[in-house]
1. Could you tell me how far the Cα centroid of the range 33-103 sits from the Cα centroid of the range 145-185, in Å?
2. How about the range 1-69: which GluC sites (Glu not before Pro) there are in a DSSP loop, with at most 12 other Cβ atoms within 10 Å of their Cβ?
3. In deg cm²/dmol and to the nearest 500, what is the mean residue ellipticity at 222 nm of the chain if only DSSP H runs of at least 4 residues count, each as -39500 (n - 2.57), divided by the residue total?
4. Which shape class applies to the chain: rounded if a/c is under 1.5, otherwise prolate when a/b exceeds b/c and oblate if not, where a ≥ b ≥ c are the square roots of the Cα gyration tensor eigenvalues?
5. Assign unit charges at the C-beta atoms only (+1 for Lys and Arg, -1 for Asp and Glu), then state the dipole size of the range 1-130 relative to its Cα centre in Debye, rounded to the nearest 20.
6. Rounded, prolate or oblate: pick one for the range 44-131, where a ≥ b ≥ c are the square roots of the eigenvalues of its C-alpha gyration tensor, a/c under 1.5 means rounded, and failing that, prolate if a/b is larger than b/c, else oblate.
7. Can you send over the solvent-accessible area of PHE33, 1.4 Å probe, protein chains only, in Å² to the nearest 10?
8. Run the simple label-point estimate for LYS75 and ARG92 please: 7 Å along Cα→C-beta, distance reported in nm.
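The values are calculated or read from the model by the stated rules, or taken from the named source; none is laboratory data. This structure is a prediction, so every number in the text was calculated from the model and none was measured. Glycine gets a Cβ as well: all are built from the backbone with ideal geometry, and neighbour counts include every protein chain shown. The area values use the complete protein model at the heavy-atom level, side chains included, leaving out ligands, DNA and RNA. Shrake-Rupley method; radii C 1.70, N 1.55, O 1.52, S 1.80 Å.
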Amino acid sequence: MRVIAGTARSLPLKCIEGLDTRPTTDRIKETLFNMLQQEIPGCRFLDLFAGSGAIGIEALSRGAKEAVFVENQPKAFDCIRDNLSFTKLADRARVLKMDAASAVFRLQGEPAFDVIFLDPPYNQGLEQQVFAALRDSGLADKETLVILETARDSDTDWIEDCGFTAFKIKNYKTNRHLFLRRKEG
């Protein structure tokens, strides 16, 4: 796993051994950031369920002004900090060791993020808790782009009830990215 583009281009990233995390492959990460290229420069980026931090680090490398990483697994938390130090991007990053829904509440009162990326463990319902928290927070406004990575066969009908709507879906072999915004009104 490596940084695809930007100031940290080609630098290798550590990832956690075992099955506790599921790193996004370089190919999927490159496809995702090709779709996000207009959104990233100068943005505030929130990486929930950050794992190794690869997605948020890619955003920083490509010009995000700031990234907040949220991860509650101790080994993954340490891995993010090591990767930020190695890529020399730590000065524009914060790493919070807590669950994603709690982080949404903790970050309350800060300006809305430009991009929020969620890659929760599949089929555990954790994303529903986070979207319920986002619905009631100011962290995602009508301009915020929210990207949810799910298993390809996951039910996401509940998203509308949380005040968000999908305007684009990118399917891969086993997973997909849903591109979401707050519903109008």
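1. Their Cα centres are 21 Å away from one another.
2. GLU17
3. About -8000 deg cm²/dmol.
4. Values: a/c = 1.38, a/b = 1.30, b/c = 1.06.
In terms of gyration-tensor shape, rounded.
5. Dipole size: approximately 340 debye.
6. Working: a/c = 1.74, a/b = 1.28, b/c = 1.36.
Judged from the Cα gyration tensor, the range 44-131 comes out oblate (a/c at least 1.5, b/c at or above a/b).
7. Estimated to the nearest 10 Å², PHE33 gives 0 Å².
8. With each label point 7 Å from Cα toward Cβ, the separation is 3.0 nm.
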